[in-house]
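*Asks:* For reference, the structure I am asking about is given below.
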Amino acid sequence: MRVPFSEPRRLHTGDAMATLHTRSAARLMIAPSVLLLLAWMIVPLAMTLYFSLLRYNLLMPGMEEFAGLTNYTYFLTDPAFFQAIFNTLAIVLGVLFITVVGGTALALLLDQPMFGQGIVRILVIAPFLIMPTVAALVWKNMFMNPVNGLFAWLAKLLGLQPFDFLANAPLLSIILIVAWQWLPFATLILLTALQSLDEEQKEAAQMDGAGAVSRFIYLVLPHLSRAITVVILIQTIFLLSVFAEILVTTNGGPGTQSTNLTFLVYAQALLQFDVGGASAGGIIAVILANIVAFFLMRMIGKTLEA
Amino acid sequence: MGSITLKNVSKVFGAHAVIPSIDLDITDGEFVVFVGPSGCGKSTLLRLIAGLEDVSDGEIVIDGRNATELPPAKRGLSMVFQSYALYPHMSVRSNIAFPLKMAGEDKATIDKKVQDAARVLNLTDYLDRKPRQLSGGQRQRVAIGRAIVRQPGAFLFDEPLSNLDAALRVNMRLEISQLHQQLKTTMVYVTHDQVEAMTMADKIVVLNRGRIEQVGSPLDLYRRPDNLFVAGFIGSPRMNFISGAPAADHGAHTIGIRPEHIALSTDQGIWRGTVGVAEHLGSDTFLHVNADGIGTLTARVGGDFAVTHGDQVFLTPDPQHLHRFDEKGMAIR
Ligand SMILES: Nc1ncnc2c1ncn2[C@@H]1O[C@H](COP(=O)(O)OP(=O)(O)O)[C@@H](O)[C@H]1O
Ligand SMILES: [Mg+2]
């Protein structure tokens, strides 16, 4: 009777050494790709840092000279900068709000058994598969156009004056367009989370006398909290750098009313040919993104632990 | 408070009649156990009573009131699920308080009732923990706590002990029985384990393929099974069934004799056989004997009856405890 019990212990010590061996071999094998990735990240960052300290204008090639922090002071005191920060945050928060609330609502709807469920789900996911430029152009020309757009037609049908969305509410229009694109993503993640909710828990709540609203508040919402956190995290990363939608619809305007940080850096570099200033803007954007990431991580740490 | 009557209740899933038609009376304060093999429709029947499933036909009367169309919360029943179904993000306290909160009771009353329930169930020290920080037995008790605070007309249990280890199961079995003595509330308890059924029930309902095979007290079923199915299902180890010539001698198609009703001897008896396997439990020994011309029989003997594999033994069934069945498997009395 002793043998079967003593055998695994010997195996175990052998195992530990084998594991150690495997581990160092594994480190060695992944080293090249890690180094490559590091270079991939470090080189552009270092070059951007370097350019941000130069006076470097594409209209005056060969005239680069060291400029210290001038580019930074210039960028940071530009009134367009504050507008851009505000716009960036407005886009991120606005889109997050619409997609999380709308995504939850849609997920709840799609979770109900209904006729043609498969097709409806594919339809809901479709916007996510459309390229941002195309989506923005479709919205611009087919929906929001004050003369030919669907909304203008609707307004006229109701005897109202058509509203020129992109001219009068440029930021809101962009938020709407981007939210439309990200809604499927949020819906999809929240729907899968919803489907993983234990059926017996719902039934227990039902027996405990909880109506549909109470079940949503006390059972469904806490269950979705992780998925919502994931949606917020992933979307924030992408929403901080919305660009194509702005470029093809409002071009940042009127004035700088719909310019976000990404677009401001672009305008600095390729519309004003100021590589130094744009690099400084880029570095500032990186710092801001890290600040946002820091708060996000704290929030996520809390939710994912619980 | 707590009488349940099923009249002609049936349940069909698609084309599959899980429960063809059932009539059953559960009186107030009774401990009723639904027992039967896995997949025979026990859970479905319980869920029909709970209102989590709609009946296809028939009527469910609770406390003299037709409850067939009532939603689960309005039936005055509470249920303990097999998976416990605790709310994972709520503390034990909030879990137990949840039904009271939903009923709109005030905070002081809720606190008092939760404390009382926690005391009865030995959960006072765990009130601020989350369900995942508890052991299986503690989770089970929280689930029971959540069920008792509402003071329902009846409790429904769906295989509540099947996720616990053997020792804990024996313990919880006792605790649930004690709880029933204390509360005197109707309990409907589903299990596939006939030992649980025998030890806990006032009344056992044996189900097979959605039909009731027999209803009666544990000893009733043990002593006077109506048919082969009940005879084979109740009692452990299983009753021995013998058909052919030995059965014809007794004027039956099949005869049944329980292991504990067979006398063993090494020198004389009616049937002769050789010992196959001897299972020693200490107090008792179960012998699996290959009887000549009959087949394998199980017999229970005292722990000091010394035989081993290959020994020759003689078996004599106790004629008083011989069960006779006709060719349809129904008991001949
Ligand atoms: N929602 C359902 N849809 C279809 N068939 C079901 C459903 N629930 C249970 N069944 C079927 O009903 C039968 C009885 O199930 P159940 O009551 O869970 O058995 P038990 O609890 O006795 O093991 C099984 O054959 C099962 O497949
Ligand atoms: Mg079951």
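The values are calculated or read from the model by the stated rules, or taken from the named source; none is laboratory data. Bear in mind the structure is a predicted one, so any value in this text is a computation, not a measurement. Positions of Cβ are backbone-derived with ideal geometry, glycine not excepted, and every protein chain shown enters the neighbour counts. Heavy atoms of the whole protein, side chains included, go into the accessibility calculation; ligands, DNA and RNA do not. Shrake-Rupley method; radii C 1.70, N 1.55, O 1.52, S 1.80 Å.
*Asks:* Say a paramagnetic label sat at a point 7 Å from the Cα of A:K302, along Cα to Cβ; which residues of the stretch A:190-228 have their backbone N under 17 Å from it?
*Replies:* Counting only backbone N, you get A:222-228.
*Asks:* Hey, if we sort B:L264, A:L154, A:L69 by accessible area with the 1.4 Å probe, largest down, what's the order? Write out the running numbers ahead of the final one.
*Replies:* Details: B:L264 30, A:L154 80, A:L69 115 Å².
My answer, sorted largest first, is A:L69, A:L154, B:L264.
*Asks:* I've got another one for you. Report the residue, chosen from A:L76, A:L106, A:L28, that carries the largest GNM mean-square fluctuation when chain A is represented by alpha-carbon nodes joined by springs under 10 Å.
*Replies:* Top of the fluctuation ranking is A:L28.
*Asks:* Between B:R211 and A:L93, what FRET efficiency follows from the Cβ-Cβ distance if R0 is 41 Å, with the result rounded to 0.05?
*Replies:* 0.10
*Asks:* Toward the positive end of the charge dipole of the protein assembly as shown, about the Cα centre and with charges on Cβ (Lys, Arg +1; Asp, Glu -1), which of B:A252, B:Q133, B:S162 goes farthest?
*Replies:* B:Q133
*Asks:* Another question, then. Report the residue, chosen from B:G302, B:G29, B:G76, that carries the largest GNM mean-square fluctuation when chain B is represented by alpha-carbon nodes joined by springs under 10 Å.
*Replies:* Greatest mean-square fluctuation among the candidates belongs to B:G302.
*Asks:* Counting only DSSP beta bridges with both residues in the protein assembly as shown, what percent are antiparallel, rounded to the nearest 5?
*Replies:* Here the share of antiparallel DSSP bridges comes out near 75 percent.
*Asks:* OK, next. Could you compute Rg(Cα) / (2.2 N^0.38 Å) for the protein assembly as shown, with N its residue count?
*Replies:* This ratio for the protein assembly as shown stands at 1.44.
*Asks:* Top to bottom by accessible area (1.4 Å), largest first, where do A:I217, B:I257 land?
*Replies:* My answer, sorted largest first, is A:I217, B:I257.
*Asks:* Order the following by accessible area, largest value first: B:T124, A:T99. Probe radius 1.4 Å; ligands, DNA and RNA are ignored.
*Replies:* Result, largest first: B:T124, A:T99.
*Asks:* To two decimal places, what compactness ratio does the stretch B:174-274 give when its Cα radius of gyration is scaled by 2.2 N^0.38 Å?
*Replies:* That ratio works out to 1.35.
*Asks:* For the stretch B:1-142, what relative contact order do you get, as a whole percent, if you take Cα pairs closer than 8 Å and at least 6 residues apart? Before the final figure, lay out each step's value.
*Replies:* Numbers: 172 pairs, mean separation 28.3, N = 142.
For the stretch B:1-142, the relative contact order is 20 percent.
*Asks:* Now a separate question. B:N122: net charge of surrounding residues, Cβ under 14 Å, Lys/Arg +1, Asp/Glu -1, itself excluded? The partial results should precede the final answer.
*Replies:* Details: positive: B:R119, B:R129, B:R139, B:R141; negative: B:D116, B:D125, B:E175.
The answer is +1.
*Asks:* A further question on this structure: Which of A:I42, A:I91, A:I287 moves the most in a Gaussian network model of chain A with Cα springs under 10 Å?
*Replies:* Checking each option, the largest mean-square fluctuation is seen for A:I42.
*Asks:* Can I ask one more? Pull out the extension gain between B:R224 and B:S56, defined as 0.36 nm times the separation in residues minus the alpha carbon to alpha carbon distance; nm, one decimal.
*Replies:* 57.2 nm
*Asks:* If you don't mind, there's one more thing I want to ask. Charges on Cβ only, +1 for Lys and Arg, -1 for Asp and Glu, centred on the Cα centroid of the protein assembly as shown; of B:Q312, A:Q117, A:L45, which one is farthest towards the dipole's positive end?
*Replies:* A:L45
*Asks:* Another question, if that's okay. Taking a ≥ b ≥ c as the square roots of the eigenvalues of the Cα gyration tensor of the stretch B:238-325, is the shape rounded (a/c under 1.5), prolate (a/b larger than b/c) or oblate?
*Replies:* Note, shape of the stretch B:238-325 comes out prolate.
*Asks:* I've got another one for you. Can you give me the relative contact order of chain A as a percent, contacts being Cα pairs under 8 Å and 6 or more apart?
*Replies:* On the way: 312 pairs, mean separation 84.0, N = 306.
Once divided by the residue count of chain A, the mean separation gives 27 percent.
*Asks:* From other protein chains only, count the Cβ atoms within 10 Å of every residue's Cβ in B:99-106, then give the mean.
*Replies:* 3
*Asks:* Report the FRET efficiency, 1/(1 + (r/R0)^6), for B:D116 and B:D202, where r is their Cβ-Cβ distance and R0 is 25 Å, rounded to 0.05.
*Replies:* Plugging the Cβ-Cβ distance into 1/(1 + (r/R0)^6) gives 0.45.
*Asks:* Distance check, please: which entries in A:K202/B:K107; A:K140/A:K302; A:K302/B:K113; B:K42/B:K184; B:K74/B:K113; A:K202/A:K302 exceed 30 angstrom between their Cα atoms?
*Replies:* A:K140/A:K302; A:K302/B:K113
*Asks:* Moving on to the next point. Under a crude label model (7 Å from the Cα following the beta-carbon direction), how far is B:T308 from B:Q178 in nanometres?
*Replies:* 4.4
*Asks:* What does the structure give for B:72-85 when I average, per residue, the other chain Cβ atoms found within 10 Å of the residue Cβ?
*Replies:* Per residue, the average neighbour count from other chains is 4.
*Asks:* Hey, another quick one. Mind checking Rg over Rh on chain A, alpha carbons, Kirkwood formula for Rh?
*Replies:* Values: Rg = 26.3 Å, Rh = 23.7 Å.
My calculation of the ratio gives 1.11.
*Asks:* Also, quick follow-up: Work the Kirkwood hydrodynamic radius out for the stretch B:4-231: mean of 1/r over every pair of different alpha-carbon atoms, inverted, in Å.
*Replies:* 18.2
*Asks:* Still on this structure, please answer the following. Relative contact order of chain B, please, whole-number percent, based on alpha carbon pairs below 8 angstrom and at least 6 residues apart.
*Replies:* Relative contact order here is 17 percent.
*Asks:* Going out from 0 in 10 Å bins, what whole percent of all Cα-Cα distances in the stretch A:9-101 drops into each bin?
*Replies:* Histogram of Cα-Cα distances, whole percents per bin: 12, 17, 20, 19, 15, 11, 5, 0.
*Asks:* Which FRET efficiency value, to the nearest 0.05, is calculated for B:V12 and B:L168 with the Förster distance at 35 angstrom and r the Cβ-Cβ distance? Numbers along the way, then the final one.
*Replies:* Working: r = 38 Å, r/R0 = 1.07.
Using R0 = 35 Å, I get an efficiency of 0.40.
*Asks:* Let me ask something else about it. With labels modelled as points extended 7 Å from the Cα through the Cβ direction, what inter-label distance (nm, one decimal) is found for A:I217 paired with A:F238?
*Replies:* Each label point lies 7 Å from its Cα, and together they span 3.3 nm.
*Asks:* For the residue pair A:A31 and A:S225, what label-to-label distance in nm results when each label sits 7 Å from Cα along the Cα-to-beta-carbon direction?
*Replies:* Placing both labels 7 Å along Cα→Cβ, they lie 4.4 nm apart.
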